[in-house]
Structures are given as C-alpha cells and as structure tokens.
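Engineer: First the structure, then my questions, so here it is.
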Amino acid sequence: MTLNFHNIIRSCLVISALLSVTSSNVHASFDLSLKSIDDSEHKLSEYIGQGKWVVLNIWGTRCPPCREEMPELVSFHDEHNNDDAIVVAVAIDFPSYGYANQDDVIAFAEEYLIDFPVLLSDSRITERAGLGRLQGLPTTYLFNPSGEVVGVQVGMITKNILETFINQLKLKSLQLK
C-alpha cells in the first residue's frame with residue numbers, strides 16, 4: 001500500500017514539474033538539420049508542430065537511466081504513434097556529452113526495438129534549438145500539436161506520466177473552449 005502511495009505522490013510531483021513549464025518560457029527554433037541513424041538528414045520541424053504531441057527525448061547509449069526509461073518510450077510510441085503522439089529521440093554521447101557514435105546508437109536501437117526517429121547530435125542540441133542548456137540525461141521535452149513546449153523533465157519519465165500529463169492538458173484545453 002505504501003509503495004502505491006509513493007508512486008502516486010512521485011507521479012503528481014513530476015506532473016507538477018512538467019506543468020510548471022509553459023510555451024511562453026521557451027522560444028524554440030527547429031529548422032536545424034540532424035543526421036539520423038540511417039544517414040538521412042532530418043529537421044526537428046518535420047516532427048514538431050505537425051499536429052501531434054511530440055515527446056523529444058535527449059539520451060545516451062551508456063546512460064543508465066536512459067537505458068531504463070527507453071522501454072517506456074518505446075511502449076508509449078507504439079501505443080500512440082498512429083493516433084496523436086510520437087517520440088523522437090536525439091542521441092548524444094555519454095558521459096562526454098559529445099557527438100553520438102552512430103554504430104553504438106544503431107546497436108542500442110536494435111536491442112531496444114526502437115521504431116521511432118533516432119537522430120544524432122551532441123549536448124549543444126538544446127541550445128541550438130533554443131531550448132536552453134541541457135541539464136542532464138535523460139531530458140524529455142513535450143510539445144503540444146501546435147509545436148509549443150508544454151513540459152520538460154530532467155531524469156527518467158514513464159509512459160504513464162506522459163499519458164497522464166497529455167490527458168490533463170487535453171482536458172484543460174477543452175475547458176478553455
């Protein structure tokens with residue numbers, strides 16, 4: 001019983017932290033090109049602001065919390081990608097925070113059965129995108145369908161937290177209409 005209570009409190013705290021970030025706090029630009037693990041070039045603007053919720057996850061192959069949270073992101077994407085939300089991952093090297101090693105990222109993506117876009121960069125990606133300095137790994141940004149940043153989580157995130165937060169924002173949006 002205590003464990004469930006602690007999980008509920010933790011989820012509420014994380015959701016509160018996510019809710020504290022609004023689109024007015026961040027002025028982002030997503031026209032920068034990044035290489036994907038299949039060597040093609042992609043812009044974040046291909047995903048963000050295209051009518052779906054976007055979970056942008058910054059992670060590293062050797063980051064223990066990143067490895068632990070990846071199945072949650074895969075599950076979230078698998079359940080929502082045909083509906084209203086997608087996951088986009090940007091891999092950076094850990095612990096150097098330099099440019100990600102493509103072979104390591106490909107092996108990781110195969111091991112974890114990642115079926116969402118995986119792009120390669122370094123820790124300056126968040127600054128170049130106008131999202132501020134990267135505070136740690138993993139870091140997850142949540143964008144609404146219009147492309148506004150509506151949440152940021154430094155540290156692990158779960159499918160349940162993402163779904164709860166998105167549902168709360170949808171309800172809030174309906175109440176404002």
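Engineer: So is residue 106 more than 13 Å from the chain's Cα centre (by Cα), closer than 23 Å to residue 166 by Cβ and of a type in the set (A, V, I, L, M, F, W, C) or not?
Structural biologist: No: the conditions fail for residue 106.
Engineer: Any residue in the stretch 128-142 that is more than 13 Å from residue 94 (Cα to Cα) sitting within a Cβ distance under 8 Å of a residue that is of a type in the set (D, E, K, R)? List the pairs, counting only those 6 or more apart or interchain.
Structural biologist: So the pair list comes out as 133/127.
Engineer: If a residue must be β-branched (Val, Ile, Thr) and either under 19 Å from residue 92 (Cβ atoms) or at pLDDT below 95 (or both), how many such residues does the stretch 150-164 contain?
Structural biologist: Counting residues in the stretch 150-164 that are β-branched (Val, Ile, Thr) and either under 19 Å from residue 92 (Cβ atoms) or at pLDDT below 95 (or both) gives 3.
Engineer: For residues that are among the hydroxyl-bearing types (Ser, Thr, Tyr) and under 21 Å from residue 158 (Cα atoms), tally how many sit in the stretch 90-125.
Structural biologist: Result for the stretch 90-125: 1.
Each row is one residue, and each column tells you yes or no for (1) surrounded by fewer than 14 Cβ atoms within 10 Å (Cβ to Cβ); (2) over 19 Å from residue 70 (Cα atoms); (3) of a type in the set (Phe, Trp, Tyr).
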residue	(1), (2), (3)
134	no, no, no
148	no, yes, no
158	no, no, no
164	no, no, no
168	yes, yes, no
175	yes, yes, no
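Engineer: Name every residue in the stretch 71-93 that is among the charged types (D, E, K, R) and in contact with a Phe, Trp or Tyr (Cβ under 8 Å, 6 or more places away or on another chain), in order of residue number.
Structural biologist: Answer for the stretch 71-93, where residues must be among the charged types (D, E, K, R) and in contact with a Phe, Trp or Tyr (Cβ under 8 Å, 6 or more places away or on another chain): 84, 93.
Engineer: Now, a different point. Residue under question is residue 40, and the condition is that it be of a type in the set (Gly, Ala, Ser) and more than 16 Å from the chain's Cα centre (by Cα); does it hold?
Structural biologist: Yes, satisfied.
Engineer: Would you point out the residue of the stretch 1-34, among those that are modelled with pLDDT of 85 or more and not aliphatic (A, V, I, L, M), that is surrounded by the most Cβ atoms within 10 Å (Cβ to Cβ)?
Structural biologist: The residue in question is 30.
Engineer: So residue 136 ticks every box in (1) assigned to a loop (DSSP other than H, G, I, E, B); (2) of a type outside the set (D, E, K, R); (3) more than 14 Å from the chain's Cα centre (by Cα) but one. Which box is left unticked?
Structural biologist: With (1) assigned to a loop (DSSP other than H, G, I, E, B); (2) of a type outside the set (D, E, K, R); (3) more than 14 Å from the chain's Cα centre (by Cα) applied to residue 136, the lone miss is (3).
Engineer: For the stretch 35-130, which fully contained strands (runs of 3 or more DSSP E) count at least 1 residues that are surrounded by 22 or more Cβ atoms within 10 Å (Cβ to Cβ)?
Structural biologist: It comes to 53-59, 85-91, 118-120.
The values are calculated or read from the model by the stated rules, or taken from the named source; none is laboratory data. Keep in mind that what you see is a predicted model, and the values were worked out from it rather than measured. Counting neighbours? That spans all protein chains shown, and the Cβs are built from the backbone with ideal geometry, glycine included.
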